[in-house]
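These notes are about the structure you will find just below.
The values are calculated or read from the model by the stated rules, or taken from the named source; none is laboratory data. This structure is a prediction, so every number in the text was calculated from the model and none was measured. Cβ sites come from the backbone with ideal geometry, for glycine too, and all protein chains shown count toward neighbours. All accessible areas refer to the heavy atoms of the entire protein, side chains included, with ligands and DNA or RNA removed. Shrake-Rupley method; radii C 1.70, N 1.55, O 1.52, S 1.80 Å.
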Amino acid sequence: MIQVSSPVFSGNEVAYVTACVQSGIVSSHSDFVKKFEGIFADKFGMSAVSCTSGTAALHLALLAAGVGPGDEVILPDLTFAATINAVLHVGAKPVLVDVDANWNIDPHKVDMAITPATRAMVSVDLYGQPCQIGALKEIRLRHGIVLIEDRAESMIERETIEGDYGCFSFYANKHITSGEGGMVLCHNAERVRLFRSHGMTKPYEHEVAGLNYRMTGLQAALGVAQMERLDEMSERRRETIRRYQMNGLEGRGNWLFVITIADPVTMADTLKSHGIETRPVFKPLHLQAPYKQHGAFPNAMKAWKTGLCLPTGPHLSNEQIDYISATVLEAIHV
């Protein structure tokens, strides 16, 4: 089966994880954790705080920003559930808005949804497509609310963090992986670190009710090795997408390549029968039991009903890309 995504370990991953084990310090006190955070701080020009997942990164950002009960947080209807789960777990009220034609949060809808209770908004660069960050920054400044960037699917597409927080995921299907893991980019790192480690200011002295979201040295060692090859792997991902397009496929996305067709379910079944794994576009949050909301979300609905994610990334050979392309085109023209 050709997988939608698969990590590639062809650099120093084994060497660094082995070195971490041999050091005897595999916890969050490992030098690899400091090095991993330092790489991100240098890359984005902001303080970097590692954590256990992209979800944890979002949760920490909301906690550090002081978002809680009585606050409203605006976010897109079309995103993975982690985005809204983090909002719910700080006790805030999520307010869903429709996406734009590029499947990212629509700034006009954000503006319309703001109330006196609005404390923050969360942008998502869905499938690696950059959102309208300039318009969101303007809204942030005009209304004095917090802007959190969910960058789980976009590490290479924008070189800066324009919001108050930038949250990354290192799950196995992302641009780089540490197995699980995340990172918060921000200007108030000490506040984020406080919540990340049980709210302790000194050993066994707690300032806030925090959590244990600390990244291990083993994860960080893997992440450091992956970051050494980020440019190489990112270019191969771009080559994958360019080859799909050269083969005649039309689609969108910079992290995953997403085609839009009338019947994505049938296409997925056809491709599966030919040994090709696919992934559906996220089901809009407003339709799902824990998050149900009323309103009009036509763009999110259209994306869900017509989108299908194809295998994308450095794990694919040119022959596999060509085989996938030919199978998709044949199915379309049957």
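For the stretch 54-64, does any single residue satisfy the condition of being open to solvent by 30 Å² or more (accessible area, probe 1.4 Å), among the hydroxyl-bearing types (Ser, Thr, Tyr), within 23 Å of residue 292 (Cα to Cα) and part of a helix (DSSP H, G or I)? Can you show your working first?
Residues of the stretch 54-64 open to solvent by 30 Å² or more (accessible area, probe 1.4 Å): 55, 63.
Pick out the ones that are also among the hydroxyl-bearing types (Ser, Thr, Tyr) and you get 55.
So of that shortlist, the ones also within 23 Å of residue 292 (Cα to Cα) come out as 55.
Next, from what is left, pick out any that are part of a helix (DSSP H, G or I): 55.
Yes, the stretch 54-64 has at least one match.
Checking the condition at pLDDT 95 or above, crowded, with 21+ Cβ neighbours inside 10 Å, not acidic (Asp, Glu) and not in a strand (DSSP E or B), which residue from 32, 9 passes?
After applying the criteria, what remains is 32.
Considering only the stretch 191-211, I want to know if a residue exists there that is hydroxyl-bearing (Ser, Thr, Tyr), at negative phi and modelled with pLDDT under 95. Let's see the steps before the verdict.
The initial filter retains those residues of the stretch 191-211 that are hydroxyl-bearing (Ser, Thr, Tyr), namely 197, 201, 204.
Still in the running and at negative phi: 197, 201.
Still in the list and also modelled with pLDDT under 95: 201.
Looking for residues that are hydroxyl-bearing (Ser, Thr, Tyr), at negative phi and modelled with pLDDT under 95, one finds at least one in the stretch 191-211, hence yes.
Within the stretch 135-148, is even one residue of a type in the set (Lys, Arg), buried (at least 18 other Cβ atoms within 10 Å of the Cβ) and in a loop (DSSP other than H, G, I, E, B)?
First pass over the stretch 135-148, keeping only residues of a type in the set (Lys, Arg): 137, 140, 142.
Right, trim to buried (at least 18 other Cβ atoms within 10 Å of the Cβ) and you get 140.
Subsequent filtering for residues that are in a loop (DSSP other than H, G, I, E, B) retains none.
Scanning the stretch 135-148, I find no residue that is of a type in the set (Lys, Arg), buried (at least 18 other Cβ atoms within 10 Å of the Cβ) and in a loop (DSSP other than H, G, I, E, B), so the answer is no.
Going by what's in this entry, would residue 156 be described as surrounded by 21 or more Cβ atoms within 10 Å (Cβ to Cβ) and closer than 29 Å to residue 175 by Cα?
Values: surrounded by 21 or more Cβ atoms within 10 Å (Cβ to Cβ): no; closer than 29 Å to residue 175 by Cα: yes.
Taking the combined requirement at face value, the residue does not satisfy it.
Assess whether residue 91 counts as being more than 24 Å from residue 235 (Cβ to Cβ), without any contact (Cβ under 8 Å) to a residue 60 or more places away in the chain, crowded, with 20+ Cβ neighbours inside 10 Å and not aliphatic (A, V, I, L, M). Before you say what the answer is, go through the steps one by one.
Values: more than 24 Å from residue 235 (Cβ to Cβ): yes; without any contact (Cβ under 8 Å) to a residue 60 or more places away in the chain: yes; crowded, with 20+ Cβ neighbours inside 10 Å: no; not aliphatic (A, V, I, L, M): yes.
So residue 91 fails the test.
Does residue 293 satisfy the condition of being part of a helix (DSSP H, G or I), surrounded by fewer than 18 Cβ atoms within 10 Å (Cβ to Cβ) and in contact (Cβ under 8 Å) with a residue 12 or more places away in the chain? Spell out the reasoning first.
Details: part of a helix (DSSP H, G or I): no; surrounded by fewer than 18 Cβ atoms within 10 Å (Cβ to Cβ): yes; in contact (Cβ under 8 Å) with a residue 12 or more places away in the chain: yes.
Answer is no for this residue.
Of the residues 68, 91, 45, 24, which is small (Gly, Ala, Ser) and under 22 Å from residue 155 (Cα atoms)?
On the way: 68 fails: under 22 Å from residue 155 (Cα atoms); 91 fails: under 22 Å from residue 155 (Cα atoms); 24 fails: under 22 Å from residue 155 (Cα atoms).
Every option except 45 fails the conditions.
Of the residues 119, 142, 158, only one is without any contact (Cβ under 8 Å) to a residue 12 or more places away in the chain and of a type outside the set (Ser, Thr, Tyr); which? Walk me through how you get there before you give the answer.
Details: 119 fails: without any contact (Cβ under 8 Å) to a residue 12 or more places away in the chain; 158 fails: without any contact (Cβ under 8 Å) to a residue 12 or more places away in the chain.
The unique qualifying residue is 142.
Which residues, taken from the stretch 166-210, are of a type in the set (A, V, I, L, M), within 26 Å of residue 81 (Cβ to Cβ) and crowded, with 18+ Cβ neighbours inside 10 Å?
176, 183, 184, 185, 192 - these are the residues of the stretch 166-210 that are of a type in the set (A, V, I, L, M), within 26 Å of residue 81 (Cβ to Cβ) and crowded, with 18+ Cβ neighbours inside 10 Å.
Within the stretch 188-213, restricting attention to residues that are assigned to a strand (DSSP E or B) and under 19 Å from residue 57 (Cβ atoms), which residue is nearest to the chain's Cα centre (by Cα)? Outline the logic, then answer.
Looking only at the stretch 188-213, we keep the residues that are assigned to a strand (DSSP E or B), and these are 197, 200-202, 205-206, 212.
Then drop every residue that is not under 19 Å from residue 57 (Cβ atoms), which leaves 197, 212.
Values: 197: 23, 212: 21 Å.
In this case the residue turns out to be 212.
What pairs come out if I take residues in the stretch 168-182 that are over 16 Å from residue 214 (Cα atoms) and touching a residue at least 40 places away in the same chain (Cβ under 8 Å) and pair them with residues that are of a type in the set (Val, Ile, Thr) and surrounded by 23 or more Cβ atoms within 10 Å (Cβ to Cβ) whose C-beta lies under 6 Å away, six or more apart or interchain?
No pair meets every condition.
For residues that are in a helix (DSSP H, G or I) and surrounded by fewer than 17 Cβ atoms within 10 Å (Cβ to Cβ), scanning just the stretch 12-29, find the one that is nearest to the chain's Cα centre (by Cα).
Looking only at the stretch 12-29, we keep the residues that are in a helix (DSSP H, G or I), and these are 13-23.
If we keep only those that are surrounded by fewer than 17 Cβ atoms within 10 Å (Cβ to Cβ) as well, we get 14-15, 18-19, 21-23.
On the way: 14: 25, 15: 27, 18: 28, 19: 29, 21: 29, 22: 32, 23: 31 Å.
Per the criteria, the residue is 14.
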